[in-house]
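The structure under discussion appears below in the form of structure tokens.
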Amino acid sequence: MQNFLTGTLSTTTLPTVVVGDPTRHVSELAFALFGQDDWRYTDRVTFNLGLRYEMVSPMKEAQNRFANFDPNSATGLVQAGNGVDMIKRANNFSPRLGFAWDIRGDSRWVLRGGGSIIYVIEGYSAFLSQQSVAGVSVLGFNTNPTGALLNGVQGTGTITAGNVQFPQSQVNWTVAGPVLPSGTIRCDSPLSPAPNNKPCAIFAVDPNFHRPYASAWNLSMQHAFTNNISLQVAYVGTHGTGLFGLNDLNTPAPGSGWQTFAGGTCTPIAAASIVAASISSPCENISRPYFSKFPYFSNIVYASNQDSSNYNGLQVTATQRPWHGVSYLLGYTWAHALDYGAGDQRDSNIPSNPFNVRADYGPGLADVRHRLTFSFTYALPEKQGYHQLLSKWKFNSVANLQTPIAWNSADTTDDISGVGEKTDRWNYFGDASAFTGLGRVAVPYYSGLTNADCVAKAASLDAGYTPLRPGYTYTNALAKYGCYVTNGGMLAPPAFGTYGNMPRNLFRERGLQVVDMSITKDLGFTERLNAQLRFECFNVFNKTQYATAASGNPAGGNVNFGSSRQTPDVAVSNPAVGSGAARGFQMGLKLLF
């Protein structure tokens, strides 16, 4: 906000402004029919059967202001209408099956199981708002510029809203204004004369995109030891199929940006100059696969059913129903969650290596390996009289202990791979535990060739490596970007024009340890009017809770490198962490009618 009010523009990327009217009137129709039956097969066996049918119509805009990429069209864009739908009609059947088996007929041992398929209706924002993609200025298929000037030729469509990138020299600070550029959107070839030499990034959807779905299954055994104590052991699994994922159809060859652009041509940077060189956006755009046909497009961010997810968990639950005033619920989960990304819109991104989507498959933000929860209630013994002072008191406690969630380290500014996606990862050497559980402690950064271990590692890698071009080595990349070293772990940049070996979400934080307690007192005034006095303490032991966050490179913020920070009271960006505020107290009176 301060930068906006003072007119301070970005110095690392071209400023961007939305022009035109991006308002869209979007609709779709969904119909569902569901049938269910419980079938008591025998006195001991019961089946639960269900089937759901869903029909979802194609997504529509009142004036057909949606457009998709089509390499077979004259301009590369095709606007909705005339039989063209952005999302196909969905006709899906979702079966459900469950059973319960009372093994001995006395309700002491019960085996349960079930399975289902659930389809996902993607939110509009997944297709209309993808501005979170790192390093790429793209919204959705509602702003694909069919009505823009495409290499100076007026498009035939009616979509004239979208992002415009501009150099700071085009900002008009006079009173007359306008301050920011406005007017017709242009998409031009990087070979055109400045300032009309900026290609446009667009958003595309697989024309065969289908609704993702999740398969879920479980099997559990429950045993009642007494009328008040029971234990359940369950296996729970889910698999997400055909999940929403992004890639770039127009990704240039690795290393394309590490060239010099002059006279309309690109030449490799001299080996002696690579450390001081900068990325050439024109060379990246010239090297894109669709440049010869559509030179006015840069990134073509493509949504498809490329992703998947898996979850497998062992869940153990012990339940004590009220007995002499004591009741509790103890739960333990041992699980593993794997996926390709955080979601379809929030935190969705292009893979770190667009040529190897599989490289991003790893622990998800919900990958909590061990979790223990314990809730306890003790109704204190009562003594009648004394104006209710010695009756209806309860002590309650809830504990939540879980092992750390994963966090990711990505370079969103340097573009070492030279493809312009700004999602690169570096090389990591050593055990991942070296960068785990650091809390608020930052990993030490060593600029250039100042760390002997990093220099030795880069030299050993170069010894058996043929660089993409002379000078595009690990040692020169180290000289330009430096490295991070602590506890025997090393994070170092890959060679120019290559991708790092570090998996997604490799590191872990400190975990969660929260204990809350409360004391309640029930008060009875009349038959209809009652009250409850509550005294509550959250985070009793005042344990600092941590969530993933980015702490910049001390030498200039080159790496979106995770250390950590304390969570706010409501960690919206990390729901697995939950409340992580400092110890807090509250007291209140609740009336019950």
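Just so it is clear, none of the values below were taken in a lab; they were calculated from the coordinates. Please read all numbers here as calculations on a predicted model, not as lab measurements. Heads up, the Cβs are rebuilt from the backbone with ideal geometry, glycines too, and the neighbour counts pull from every protein chain shown.
Would you mind getting me the FRET efficiency between residue 276 and residue 450? Use the beta-carbon distance for r and R0 = 22 Å, nearest 0.05. Don't jump to the answer; show the numbers that get you there.
Numbers: r = 17 Å, r/R0 = 0.79.
Between residue 276 and residue 450 the formula returns 0.80.
Place the peptides 195-205, 258-268 in order of packing, highest mean first, counting for every residue the other Cβ atoms within 10 Å and averaging per peptide.
Details: 195-205: 22.4, 258-268: 15.0.
My ranking of the peptides, most packed first, is 195-205, 258-268.
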- Message: On a straight-distance basis, which aspartates and glutamates could pair with residue 480 in a cross-link, Cα separation under 13 angstrom, same-chain partners fewer than 8 positions away excluded?
- Response: 414, 415
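For a Förster distance of 25 Å, can you work out the FRET efficiency between the beta-carbons of residue 158 and residue 124, rounded to the nearest 0.05?
Numbers: r = 20 Å, r/R0 = 0.79.
E(calc), rounded to 0.05, equals 0.80.
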- Query: Of the listed peptides 137-144, 583-590, 281-288, what is their order by residue-averaged count of other C-beta atoms within 10 Å, with the highest listed first?
  - Reply: 137-144, 281-288, 583-590
- Item | Efficiency of FRET between residue 41 and residue 107 - r from beta-carbon atoms, R0 22 angstrom, step 0.05 | 0.85
- In a shell of Cβ-Cβ distance under 14 Å around residue 95, excluding residue 95 itself, what net charge do Lys and Arg (+1) and Asp and Glu (-1) give? 0
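Among 32-41, 468-477, how do they line up by average Cβ neighbours within 10 Å per residue, starting with the highest? Present the calculation step by step, with values, prior to reporting the outcome.
Working: 32-41: 10.1, 468-477: 20.4.
Per-residue Cβ counts within 10 Å, averaged per peptide and sorted highest first, yield 468-477, 32-41.
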- Message: With Cα Rg over 2.2 N^0.38 Å as the read-out, I listed (1) 1.18; (2) 1.10; (3) 1.44; which label goes with the value calculated from this structure?
- Response: (1)
- Message: Run the numbers for residue 51 and residue 529: contour at 0.36 nm per residue of separation, minus the present Cα-Cα distance, in nm.
- Response: 167.5 nm
- Query: What pairs from 198/422; 394/543; 383/590; 457/543; 88/293; 88/422 go past 29 Å between their alpha carbons?
  - Reply: 457/543; 88/422
